[in-house]
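The values are calculated or read from the model by the stated rules, or taken from the named source; none is laboratory data. Please read these numbers as outputs of a predicted model, since none were measured by experiment. Every residue, glycine as well, gets a Cβ built from its backbone with ideal geometry; the counts of neighbours run over all protein chains shown.
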Amino acid sequence: MAVTSPAPSIAIIGGGPAGLMAAEVLSQAGLAVAVYDAMPSVGRKFLLAGVGGMNITHAEPTPAFIGRYAEQAGWVGDWLAAFGADALRAWIHGLGIDTFVGSSGRVFPTDMKAAPLLRAWLKRLRDQGVVIHTRHRWLGWASDGGLLIEHGTSQAVIHPAATVLALGGGSWPRLGSDGIWLPWLAARGVALAELQPANCGFEVQAWSPLIKERFAGAPLKNIAMYLAGASPRAGECVITEGGVEGSLVYALSAQIREAINRDGHCALLLDLLPARSLAQVEAALSKPRGSRSMARHLQGQLRLDGVKAALLRELTDAQAYQAPASLARAIKALPLTLVRPRPLAEAISSAGGVCRAALDEGLMLQAVPGVFCAGEMLDWEAPTGGYLLTACFASGRRAAEGVLRYLGRA
């Protein structure tokens, strides 16, 4: 009588999108899968991302989509070739969740919520035999090479046939992405890039009391923002008590951060009236203003007032402010010097982590055979707009496929 060998056991460390996707693929292949997460429930950062509308992916053409990953576009593009935006939408529909494309191209579940999607997904995983252990924290490797798992006041060492680490980066530590794993991987000879804030706000040296007291929290709408030599990007942001934040700033956060790392500051340029050319702005300001102040002239000729007018006065010297030609140039290219990002714990996501060179094509650590990495703990970054989640899902699938090849199950 033939004896059936038990399915190899797989440990997934981290219950976010990357870890849960790896668990799905591996359990579908007939492997025994256990997910370990330090938090009281899985998917906490995923649920937070759904507050205000679950932006799951983006519908823009594939070349542009892949370009959002900048320096790591080639690497991430490999994952997306197997499981990109269209495949992700089809997968969501398979969970019984409909999606739609918004006016900006962003893709959302029809009810705009993350919780129903997560509930349907967890049911599928449990139906496939995935065991989920919450309040179980990975503490690195034990002396015998096993995984050291802490639960309450007790500890245990497990020896899975393969492990997928999906521990997140360093943003939102209160939700479990605390970067505590960095020294453990470094001790095993894994090449790592420093974790840094991504999709984050930035600080100026200091705002004047007027800006801090009257305009902190004010939206700066219908503007464009750019670094010298780059094309302007239109959108909006928010003035904070210490600087700026918001979607337009997040879209440029990698460029701003790298400029600060290189030069100690970033000279950002604001176009306060992107719908008007420099010539049009200068012509409007050159009209006689009589006894009116320049502030009233700006309001009358260009409808430039409120926070825009305050920033213009704040960031333009007195002589340039009174001269139509120089003031027009300032309106179209107002210099704003940013000196530091907000702390990593406040960032939407993080850059840095496990370097590409430390991994094989299946996302297995070269220095630790049988251990795979996925999600935000890898050294890539992307702007908001669905790109972060899409790559996390795709990397989880890539790591799971690597596990199957490693175990001879592919």
When restricted to A234, A230, A224, the only residue under 23 Å from A351 (Cα atoms) and either outside the structural domain of E71 (by TED's automatic domain parsing) or part of a helix (DSSP H, G or I) (or both) is A230
- Query: Right, E194: part of a strand (DSSP E or B), within 30 Å of A357 (Cβ to Cβ) and either within 25 Å of the chain's Cα centre (by Cα) or free of Cβ contacts under 8 Å to residues at least 40 places away in the same chain (or both) or not?
  - Reply: yes
Result of the Cβ filter at 7 Å on the range 20-32, keeping first residues that are in the same structural domain as H159 (by TED's automatic domain parsing) and over 12 Å from D127 (Cα atoms) and partners that are among the polar types (S, T, N, Q) and not in a loop (DSSP other than H, G, I, E, B), at least 6 apart or interchain, is A32/S9
Residue check for A166: under 30 Å from L365 (Cα atoms), at pLDDT 95 or above and in contact with a strand residue (DSSP E or B) (Cβ under 7 Å, 6 or more places away or on another chain):
yes
Among residues of the range 112-170 being in contact (Cβ under 8 Å) with a residue 12 or more places away in the chain and of a type in the set (D, E), the residue farthest from G50 (Cα to Cα) is D144
Note on the range 308-334: residues surrounded by fewer than 19 Cβ atoms within 10 Å (Cβ to Cβ) and either touching a residue at least 60 places away in the same chain (Cβ under 8 Å) or at positive phi (or both) are E314, A333
_When you check I92 against the structure, is it more than 16 Å from the chain's Cα centre (by Cα), free of Cβ contacts under 8 Å to residues at least 24 places away in the same chain and buried (at least 17 other Cβ atoms within 10 Å of the Cβ), yes or no?_
no
Filtering the range 136-145 down to residues that are surrounded by 15 or more Cβ atoms within 10 Å (Cβ to Cβ) and in a loop (DSSP other than H, G, I, E, B) yields A142
When (1) surrounded by fewer than 24 Cβ atoms within 10 Å (Cβ to Cβ); (2) of a type outside the set (V, I, T); (3) touching a strand residue (DSSP E or B) at 6+ places or on another chain (Cβ under 9 Å); (4) closer than 25 Å to E381 by Cβ are applied to A22, the one that fails is (1)
Do we have R313 as under 26 Å from L252 (Cβ atoms), assigned by TED's automatic domain parsing to the domain that holds A228 and assigned to a helix (DSSP H, G or I) here?
yes
Being crowded, with 24+ Cβ neighbours inside 10 Å, under 22 Å from A161 (Cα atoms) and either of a type in the set (D, E, K, R) or touching a residue at least 12 places away in the same chain (Cβ under 8 Å) (or both) narrows G362, G396, G353 down to just G396
Examine the range 367-377 for a residue that is in the same structural domain as L248 (by TED's automatic domain parsing), outside any helix (DSSP H, G or I) and surrounded by fewer than 16 Cβ atoms within 10 Å (Cβ to Cβ), and state whether such a residue exists.
no
